[in-house]
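Have a look at the structure below before the remarks.
The values are calculated or read from the model by the stated rules, or taken from the named source; none is laboratory data. Here the structure is a predicted model, which is why all the values come from computation and not from measurement. Cβ sites come from the backbone with ideal geometry, for glycine too, and all protein chains shown count toward neighbours. To get the accessible areas, we keep the full protein, side chains included, count just its heavy atoms, and leave off ligands, DNA and RNA. Shrake-Rupley method; radii C 1.70, N 1.55, O 1.52, S 1.80 Å.
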Amino acid sequence: MMLKLESFDYAAIILLVVLLFSLFYRRMTKGIANHMFILVLATMVFATLFDIWSIFLDNSLTADKTSLYIAHSGYLFMHNLTTPAYVLYVISLTDTWHKLKKSVLQQILLIAPISIVFILLVVNTMTDSLFYVKNSIYHRGTLFPLLYVIAGFYMALGLFYMFRYRKLLTSTKIFAISAIVPLNLIAIVIQIFYPNTSVEMFAGALSLLFVSMTAQRPEDLIDPFTGLGNYGYYADNVKRSFNSDKNITIVMLNISNFAALQAMISYESLSELLKSISLEIENADKEVKGHADNYYLDRGRFRMVFFGRHREKAAPAAEMLNKALQSNLYINDLSVSVNQCLCVVRCPEDINDFKALSAFGASFNEQHAVPGKVLLAEELFKNNRFDMLNNIDGIIDNALKNNKFKVYYQPIFSVEQNKFTSAEALLRLIDDKYGFIPPDVFIGAAEKSGAIHKIGDFVLEEVCRFIASDRFKELGLDYIEINLSVAQCMHGDLADKVLETLTKYNIPSDKINLEITETAASYAQNIMKSNLDKLSSAGVSFSLDDYGTGYSNMRRVIQLPLKIVKLDKSFVDEQNNPKMWIVLQNTVKMLKDMDMEIVVEGIETQHMAEQFAALNCDFIQGYYYSKPIPEDDFVEFISEYEGSKVV
Ligand code: C2E
Ligand code: CA
Ligand code: CA
């Protein structure tokens, strides 16, 4: 049986429509590359429809001339339009639109040839140069080969673009883009020799299917929970922006309590939560008409990327998102509060390479967080702060070698004895170039690099040396509190090291108190437990630091050999909230019933000091009495104030 002429066209239509559907089904409708791919598909669909109509008219002997002209012109125009559309698709894959916008030559090269086709088709009824209809039969005109030349030109232009910006493309994409050419060439050759088989559209559709299966794979690009772009996609696009000098502004959203949420709520609720945050992001984007590309990276980190004239909308979008996330989100009847941290980063003005951008994005919420306030990277990086963060490992090494670390002491007041009975040792780093670097910054970095062990040893030595000195003995203090970081608690020889140092300076083990945090208590519990047990049976006491931040695992807390619990400053900050006051009263009562001593931290006013003293807290620490101060000042401070009333 003979194939009907238009059979290939029907096959092409089916293929193209399925492809279009699959794009929508696979959520590949956002972003300029997807738009351009849809444009190519759409021109192909129209071209094929016109082709089917033309063939139908050609075969019906009664067709009128006008219809024949419209059908054939429509086909030729749409078919020729597929190639420039394809070039636009390649340009969007390389993400070099901004370059096209600047180059008039490139714009002319893109627009002129297809305009020629258009003009030739319009005047064709008079000139018959492209085709003509004689006795209801279609014939090619003398200029018809020009259409092939123009199509060939666009394909070459696409390849040229691809080659020129090959560094901005993955090898899969290069392969997919180039594979289109031989497929279409074969079809054109077939069509030249057998003009009656309309195989061209089918070949075109096949090659788009190929592109869709390779270059346009959403499975690799879309995060399944949120429907936003994933980390790989983000990294790809942002890196490409850096390489092609495209300026972008990124809104970074990190959920600081993500780990806690993950531990607390079910898997289903967590995915719901991520989904509703992504909806808030898309809302904010819509409100400001920002046309941002939105991504979910991992572990509660979202990104919005604005470009071109939309860059200015990044900050308003961030504000809007911040506001939306301030109130609790309702997830399956569960009210969830997220600790959102937002930062607006301009690239390349604030950060100009991808590695630095990732490092910043991974930790800005820990290092700079001002809860509830949208940060501007620009502000943060004044004073070379960012430069400093990049060099922090070097700075720490240098500080260890050149004695740049100093231990400061913050006095702790005993309510019962009405005098200062202890102090907390707090480390300070003053760098020659960067000045004062807060411990929150260098402790975190040192934990990552491992330098924390040397730093910890230094603090321990310093404090013990001070305790062993005569002038310390004259102060009559009971003990000094020393902070232990998570990494130190997890280290197998912590206990031995502490006991050795105590022996070396010949000081009783009850002269130091070690502060640990709940975070530490949730890691490597075996090593941690054996460290704590060993030290506490040798007479060293422990405080639980930052109590009330995050979530409390009571079971774990009870199992630790604790003498003191330190109520975090966040409790103190909320003491005007009547409900919080009830929580505080009961917390204090519960801890006292468990025979714990209580230190309240972050007391800044006399009023607060009186309130917490009345609440039955044993010790008070905070700026109200003194900031952490150097050893000499501390000795002077305690000697002067001894015996005088402070609360
Ligand atoms: P932390 O252990 O919770 O220390 C208390 C922090 O609160 C100190 O910040 C202290 O200066 C600050 N502070 C005390 N009173 C007040 C107040 O009335 N108002 C306000 N706003 N703040 C007050 P600092 O010294 O910046 O230390 C930050 C954190 O760095 C510490 O938090 C601790 O986790 C860590 N850190 C400091 N020194 C060391 C150390 O030697 N080893 C380890 N592993 N961590 C340390
Ligand atoms: Ca502490
Ligand atoms: Ca604390």
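Results, tabulated for the structure shown:
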read-out	value
Restraint check, K102/K239; K504/K627; K30/K246; K102/K289, Cα-Cα greater than 27 Å	K504/K627
Antiparallel DSSP beta bridges within the chain, as percent of all bridges there, nearest 5	65
Whether region 96-224 is rounded, prolate or oblate, judged on the alpha carbon gyration tensor where a/c under 1.5 counts as rounded	oblate
Rounded tilt (10° steps) of 631-641 against the dominant C-alpha axis of the chain	50
Cβ-based charge dipole, region 399-548, positive-most Cα from L429, L494, S536	L429
For region 33-165, size of Cβ-based charge dipole, Lys and Arg +1, Asp and Glu -1, in debye	420
Accessible area of the chain divided out per residue, in Å², using a probe of 1.4 angstrom	48
Area accessible to solvent at I430, 1.4 Å probe radius, in Å²	80
Added length on full extension, which subtracts the Cα-Cα distance from 0.36 nm per residue, F24 to N526	175.5 nm
Net charge dipole size for region 221-389 [Lys, Arg +1 and Asp, Glu -1 on Cβ; Debye, nearest 20]	320
Simple Cβ-charge dipole of the chain, Lys/Arg +1 and Asp/Glu -1, about Cα centre, in debye nearest 20	2800
Listed residue (G394, M580, S244) projecting farthest to the positive dipole end of the chain, Cβ model	S244
Efficiency of FRET from Cβ geometry, T66 and M554, R₀ 56 Å, rounded to 0.05	0.05
E610 accessible area, assembled protein chains, probe 1.4 Å, Å²	90
Percent carbon-and-sulfur accessible area, the chain, ignoring ligands, DNA and RNA, probe 1.4 Å	58
Filtered trypsin sites (Lys or Arg not before Pro), region 554-647: DSSP coil and at most 10 other beta carbons within 10 Å	K645
Estimated FRET transfer efficiency when R0 is 41 angstrom, pair Y267-N390 (beta carbons, to 0.05)	0.65
Karplus-derived 3J(HN,Hα), 6.51/-1.76/1.60, for each residue of region 344-354, Hz, glycine and proline x	9, 10, 9, 10, x, 4, 8, 9, 10, 8, 5
Shape category assigned to region 398-641 from the gyration tensor of Cα positions, a/c cut at 1.5	rounded
Normalised contact order of region 303-405, rounded percent, pairs of Cα under 8 Å and 6 or more residues apart	23
Full-stretch length increase - S358, M590 - with 0.36 nm per residue and alpha-carbon distance subtracted	79.2 nm
Leading residue at positive end of dipole, region 221-389 (Cβ point charges), from L342, F354, N328	F354
